[in-house]
1. Has the range 4-24 got any residue that is assigned to a loop (DSSP other than H, G, I, E, B), open to solvent by 40 Å² or more (accessible area, probe 1.4 Å) and at pLDDT 95 or above?
2. Among the residues of the range 31-44 satisfying the criterion of being modelled with pLDDT of 95 or more and surrounded by fewer than 14 Cβ atoms within 10 Å (Cβ to Cβ), which is farthest from the chain's Cα centre (by Cα)?
3. What's the total number of residues in the range 69-105 that are open to solvent by 10 Å² or more (accessible area, probe 1.4 Å) and part of a loop (DSSP other than H, G, I, E, B)?
4. Can you run down the residue pairs with Cβ atoms below 8 Å, 6 or more apart or on separate chains, where the first is in the range 42-68 and touching a residue at least 12 places away in the same chain (Cβ under 8 Å) and the partner is open to solvent by 50 Å² or more (accessible area, probe 1.4 Å) and acidic (Asp, Glu)?
5. Please pick out the residue among Ala47, Ala89 that is under 22 Å from Gly12 (Cα atoms) and modelled with pLDDT of 95 or more.
6. Quick check on this structure: which one of Arg40, Arg66 is over 20 Å from Ala111 (Cβ atoms) and outside any helix (DSSP H, G or I)?
7. Six or more apart or on different chains, Cβ under 8 Å: which pairs go from a residue in the range 94-110 that's under 15 Å from Gln72 (Cα atoms) to one that's surrounded by 20 or more Cβ atoms within 10 Å (Cβ to Cβ) and charged (D, E, K, R)? Could you list them?
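The values are calculated or read from the model by the stated rules, or taken from the named source; none is laboratory data. All values reported here derive from a predicted model rather than from experimental measurement. As a convention, Cβ positions derive from the backbone with ideal geometry for all residues, glycine included, and neighbour counts pool all protein chains shown. Just the protein is used for accessible areas: all its heavy atoms, side chains included, with ligands, DNA and RNA removed. Shrake-Rupley method; radii C 1.70, N 1.55, O 1.52, S 1.80 Å.
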Amino acid sequence: MSVFRRGRGGPGRVTVREAAVRTGHDDADGGGDAVLLDVREPYEWQAGHAPRAVHLPLSALAAGARLPAHAQARPLVVICRSGNRSRRAAELLVSRGSQAVDVVGGMRDRAEAGLPVVDARGQNGIVA
């Protein structure tokens, strides 16, 4: 099953497990080809995020901020706390020509699935 399936005219949506496979967060070597893009605010990111995720708040993205160089021209799996902001961010990214999907259930579902969440110091984090 393709992780980049599309909904009704918008960007595709994936589960946290599909996102983990696509981004390499389901195995220790990080072998996925997509970038996990976290669009939450800085305080949320600092409290807890996925290891190796890229942080770019939706507010900055909407204001025209560019993706980091290593995330450009790669598939993007966009995540937030529950899936609302990531959906908007994925729509924005697709409109700019990126290949992007959003994660249904966001970081809340990720944590509930037992996938790692780390804080700004690399210790066990929480979803704020």
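1. yes
2. Tyr43
3. Just the residues of the range 69-105 that are open to solvent by 10 Å² or more (accessible area, probe 1.4 Å), to begin with: 69-70, 72-75, 81-82, 84-85, 87-88, 91-92, 94-99, 104-105.
Subsequent filtering for residues that are part of a loop (DSSP other than H, G, I, E, B) retains 72-75, 81-82, 96-99, 104-105.
Adding up the residues that qualify gives 12.
4. Pro57/Glu41; Ser59/Glu41
5. Ala89
6. Details: Arg40 fails: over 20 Å from Ala111 (Cβ atoms).
Every option except Arg66 fails the conditions.
7. Val101/Arg13
The rows are residues; the columns are (1) farther than 20 Å from Val21 by Cα; (2) of a type in the set (Ser, Thr, Tyr); (3) out of contact with any Asp or Glu (no Cβ under 8 Å at 6 or more places or on another chain).
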position	(1), (2), (3)
His49	no, no, no
His55	no, no, no
Ala62	yes, no, yes
Asn84	yes, no, yes
Pro116	no, no, yes
Ile126	yes, no, no
